[in-house]
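Worksheet for the structure shown next.
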Protein chains: 2
Amino acid sequence: MTASTKTRRASRPSSSTVRVAVTQMACVADVRANRARQLHLLEKAAKGGAKILCTQEMFASQYFCQAEDHRFFSLAESIPGPSTDAFAKLARKYKAVIVASLFERRAPGLYHNTAAVIDADGSLMGVYRKMHIPDDPLYYEKFYFTPGDTGFKAWKTKHANIGVLICWDQWFPEGARLTAMQGADILFYPTAIGWHPTEKKQYGKAQHESWELIQRSHAVANGCFVCSPNRIGTEKVLGADGKPVNADGIQFWGQSFITSPDGQVIERASVDREQALVADLDLAKVEFSRTHWPFLRDRRIDAYGGLTRRYGDEG
Amino acid sequence: MTASTKTRRASRPSSSTVRVAVTQMACVADVRANRARQLHLLEKAAKGGAKILCTQEMFASQYFCQAEDHRFFSLAESIPGPSTDAFAKLARKYKAVIVASLFERRAPGLYHNTAAVIDADGSLMGVYRKMHIPDDPLYYEKFYFTPGDTGFKAWKTKHANIGVLICWDQWFPEGARLTAMQGADILFYPTAIGWHPTEKKQYGKAQHESWELIQRSHAVANGCFVCSPNRIGTEKVLGADGKPVNADGIQFWGQSFITSPDGQVIERASVDREQALVADLDLAKVEFSRTHWPFLRDRRIDAYGGLTRRYGDEG
């Protein structure tokens, strides 16, 4: 194993350096208030020189998947729609790329957990629809979101080649690999993950560590940057009866972070403070990392056919 | 994300618990001395109740891949051969499974970096041949080892379902996934990795962290245990002229470790001390982990076809 790579925020970015920002914030029941808050955070980062901005997962609402409730489908929006329109304006103004995580209404009865990618000229480059959909106590996403049909994608934006994956996707090395193979030098993972307050004491530390380390491993395996914005705050979503659907709710663990291609965390946000986390990424480190740790060179693609199987017992 | 899993060494293993040991040691130029040392270490662990034992990578010799030198092919042995014969005897005596990492001479001019799996009755269950072969300064493995043709395998040994991968394989999530999909509850990664002394100060910490975290990520992604024995000591392999082929050699970083399915390191060995690292693994944690963190449930096998491609640019 030879020389590694380390990225530090430079006061004067070199020509291959791009300043990125990921944001974390608490959400309220009012979509307009969340959107305004999100725009404010992104604008602050853009004013500070960030050229690629990414929101947390579904910033426009509370994490309604705590319950299976048909009322919440009304939170979805079309793409293009009110959020992408607002972000496009911001993107044009600051010549910044924006990745926006949204609850997408694609057609009557067809909803996705989607990220829209807006280029620095305000144009909508396309969408990524979350491919892996969780279903766990208080994370009832399979009720709302049709699994994505976009496959794994990368975009040549004005400022960098980027890929987007969403939350649960982060547990699947396959998604990171396929996105990197599409040319992404930076992977963004808009996220909404937190603790069940009742089990935080026993399991909380290990859960958070697993979350961070598996994304750091995607950086290492693929020689790319990984940026993960996660929401903050404790949310108790209200049912139709006006009472919390769960007495404890979810305590989102924040700690958005940015990792260099050697898996080192460059920047890590707080557990509970609203923040735009900023880092200057030297994209030349991708080539450096991939030639010094040449994993892409040595993949045994002749022996990976089994990865499209459910398990190894299919004869 | 719900309840995680944590494994501690129990004084009285439950019926689903198996005691494993991985060993780390320094190697000398004399193969017989290394083998005797290795047998001694394994026997000590077996006497202590360990039922699955795994050696570091190619324990029988120094890490000769520091140079491309035809003399070193003479270090290889057949399988079955002197090492597996000795281990089979030990396996029978202690009713223990042994995973032995060897330099295999398969046929004239056909050599592999191979792990032999010996069941608790002393029978040779089969071999795994290292699929991913590195080639880096002082790690000139492509000169010696034909890439494996075994594919990724698991064995139902007397004491557990195990898989074996070897060193460089550890950087490829595909290998871990495919091995877990063959039914392995424990992945063993016999390893020989170290620092270039001249770059240790600048890069050493990040390199070691990357190595550990990517293997911890395999545990998380696949809900299985990971056990990685690594060699210790500084080795300066001698060339035909009796002088070191490299003035600095390689300082192997030891720190063999054992990780539970939530990615937590249960046991970690020292940097430079000969050790049999022992842990009791509760195999019931695999089912627990995979139902509480149900990643195998949600893999998008319909969208993973691209993983058998070299890159995403092939049209």
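Some notes on this structure:
- The range B:162-177, residues that are within 11 Å of another protein chain (Cβ to nearest Cβ) and either of a type in the set (A, V, I, L, M) or more than 10 Å from the chain's Cα centre (by Cα) (or both): B:Trp171, B:Phe172, B:Pro173, B:Glu174, B:Gly175, B:Ala176, B:Arg177
- Hey, B:Ile133 within 14 Å of another protein chain (Cβ to nearest Cβ) and either among the β-branched types (Val, Ile, Thr) or open to solvent by 50 Å² or more (accessible area, probe 1.4 Å) (or both) or not: yes
- Exactly one residue among A:Asp241, A:Asp262, A:Asp185, A:Asp272 is over 22 Å from A:Pro137 (Cα atoms) and open to solvent by 40 Å² or more (accessible area, probe 1.4 Å), and that residue is A:Asp272.
- Within the range A:84-110, tally of residues that are open to solvent by less than 10 Å² (accessible area, probe 1.4 Å) and over 17 Å from the mean Cα position of the chain (by Cα): 2
- Exactly one residue out of B:Asp298, B:Asp302, B:Asp280 is touching a Pro at 6+ places or on another chain (Cβ under 6 Å) and not small (Gly, Ala, Ser), and it is B:Asp280.
- Cross-chain or 6+ apart pairs with Cβ under 9 Å, the range B:171-189 first and on the phi > 0 side of the Ramachandran plot, then open to solvent by 10 Å² or more (accessible area, probe 1.4 Å): B:Gly183/A:Tyr311; B:Gly183/A:Gly312; B:Gly183/A:Asp313; B:Gly183/B:Ala154; B:Gly183/B:Trp155; B:Gly183/B:Lys156; B:Gly183/B:Asn161
- Just one of the listed residues (A:Phe288, A:Phe252) is aromatic (Phe, Trp, Tyr), surrounded by fewer than 24 Cβ atoms within 10 Å (Cβ to Cβ) and in contact (Cβ under 8 Å) with a residue 40 or more places away in the chain, and it is A:Phe288.
- When residues of the range A:182-230 are limited to those that are hydroxyl-bearing (Ser, Thr, Tyr) and under 13 Å from the mean Cα position of the chain (by Cα), the one nearest to the other protein chains (Cβ to nearest Cβ): A:Thr191
- Residues of the range B:306-315 that turn out to be modelled with pLDDT of 95 or more and either more than 8 Å from chain A (Cβ to nearest Cβ) or open to solvent by 40 Å² or more (accessible area, probe 1.4 Å) (or both), as a count: 4
- Just one of the listed residues (A:Ala120, A:Ala116) is touching a strand residue (DSSP E or B) at 6+ places or on another chain (Cβ under 7 Å), modelled with pLDDT of 95 or more and buried (at least 22 other Cβ atoms within 10 Å of the Cβ), and it is A:Ala116.
- A Cβ distance below 8 Å, combined with a sequence gap of six or more or placement on separate chains, defines the contacts here; from the range B:136-154, residues that are on the phi > 0 side of the Ramachandran plot and facing chain A (nearest Cβ under 9 Å) reach residues that are assigned to a helix (DSSP H, G or I) and open to solvent by less than 20 Å² (accessible area, probe 1.4 Å) in the pairs B:Leu138/B:Cys65; B:Leu138/B:Gln66; B:Gly151/B:Leu178.
- Residue match in the range A:46-63 (condition: more than 28 Å from A:Ala284 (Cβ to Cβ), at pLDDT 95 or above, over 19 Å from the mean Cα position of the chain (by Cα) and outside any loop (DSSP other than H, G, I, E, B)): no
- Residue count for the range A:255-281, restricted to those that are touching a residue at least 60 places away in the same chain (Cβ under 8 Å) and within 11 Å of another protein chain (Cβ to nearest Cβ): 4
- Hits in the range A:61-75 - residues which are open to solvent by 20 Å² or more (accessible area, probe 1.4 Å) and not charged (D, E, K, R): A:Gln62, A:His70, A:Phe72, A:Phe73, A:Ser74, A:Leu75
- Within the range A:161-182, the set of residues being among the polar types (S, T, N, Q) and open to solvent by 10 Å² or more (accessible area, probe 1.4 Å) comprises A:Asn161, A:Gln182.
- Among residues of the range A:136-157 being farther than 17 Å from A:Ile193 by Cβ and part of a strand (DSSP E or B), the one that is most open to solvent (accessible area, probe 1.4 Å) is A:Lys156.
- Residues that are crowded, with 24+ Cβ neighbours inside 10 Å and basic (Lys, Arg) were ranked within the range A:203-238; the one that is nearest to A:Trp171 (Cα to Cα) is A:Arg216.
- Scanning the range A:231-250 finds no residues that are within 12 Å of chain B (Cβ to nearest Cβ) and under 26 Å from A:Val20 (Cα atoms).
The values are calculated or read from the model by the stated rules, or taken from the named source; none is laboratory data. What you see is a predicted model, and the numbers here were worked out from it, not measured in a lab. Quick reminder, even Gly has a Cβ in these numbers, built from the backbone with ideal geometry, and neighbours come from all protein chains shown. We work out accessible area using only protein heavy atoms, side chains counted, and drop any ligands, DNA or RNA first. Shrake-Rupley method; radii C 1.70, N 1.55, O 1.52, S 1.80 Å.
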